[in-house]
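Undergrad: Here it is: the structure, laid out below.
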């Protein structure tokens, strides 16, 4: 994997915009490329995981099983976006299913490679972690808003008037 095009790509990913060139070069050597065909499942909810993924090209669908063969689409993501980052920090199973919505090229960063980055370049790791925390906060706020909206839909569907209580 040539470093120059990958470094240029990493500059488009919010997590890496603040990293200096030497830190990006250090990170590039730790990334693995993974290709998926349209419809191919990368992992399913409940699978073990220890890496996060950056979408270099193509697109993916993140979904959660609801009942039987029915799944709720949680997100669609494309180039420059990332997912799976929770598995870098916890040992819990995957929380959703991810499959390719089109032919897709991913870059993988695993837990061991992230630990090596921390040891070799603490500044690069600190910048990465700060960006990751900002992404977590953004996603948490979006989740909170979604919970509120779904709750409102449920209350409207049941006809419960919360102001009359």
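A short reminder: the numbers here are calculations on the coordinates, not readings from a lab. Predicted model, so just to flag it, every value in this text is computed and none were measured. Here Cβ is always computed from backbone atoms with ideal geometry, including for glycine, and neighbour counts include all displayed protein chains.
Undergrad: State the Cα centre-to-centre distance between the stretch 53-104 and the stretch 13-52 in whole Å.
TA: Answer, in whole Å: 12.
Undergrad: Roughly speaking, what is the stretch gain from residue 21 to residue 64, that is 0.36 nm per residue apart minus the C-alpha to C-alpha distance, in nm to one decimal?
TA: This chain segment gains 11.7 nm when fully extended.
Undergrad: Label residue 120 and residue 40 with points 7 Å out from Cα along Cα→Cβ: what is the distance between them in nm?
TA: A separation of 2.7 nm, rounded to one decimal place.
Undergrad: Simple spin-label model, 7 Å along Cα-to-Cβ: residue 143 to residue 29 in nm?
TA: About 3.5 nm separates the two model spin labels.
Undergrad: To the nearest 10 degrees, how steeply does helix 111-120 sit against the main Cα axis of the chain, on a 0 to 90 scale?
TA: 50 degrees
Undergrad: Select one label from (i) 33, 19, 14; (ii) 26, 25, 13; (iii) 69, 17, 14: the one whose number is semi-axes √(5λ) of the Cα gyration tensor in Å as derived from the coordinates shown.
TA: (i)
Undergrad: In whole percent, what relative contact order does the chain give with Cα contacts below 8 Å and a gap of six or more residues?
TA: Relative contact order of the chain: 28 percent.
Undergrad: State the three equivalent ellipsoid semi-axes of the stretch 12-76, derived from the C-alpha gyration tensor as the square roots of 5 times its eigenvalues, in descending order and whole Å.
TA: Semi-axes (√(5λ), whole Å): 29, 13, 12.
Undergrad: What does the extension gain come out to for residue 134 and residue 155, with contour length at 0.36 nm per residue minus their alpha carbon separation?
TA: Contour length minus the Cα-Cα distance gives 4.4 nm.
Undergrad: Sort 102-115, 67-80, 84-97 for me by packing, meaning the mean count of neighbouring Cβ atoms within 10 Å per residue, highest on top.
TA: For the peptides 102-115, 67-80, 84-97, the packing ranking is 102-115, 84-97, 67-80.
Undergrad: Pairs of Cα atoms under 8 Å, at least six residues apart: use those to get the relative contact order of the stretch 14-75, whole percent.
TA: 17 percent
Undergrad: Please give the helix 122-158 orientation as an angle from the longest Cα principal axis of the chain, in degrees from 0 to 90, rounded to the nearest 10.
TA: Computed tilt is about 10 degrees.
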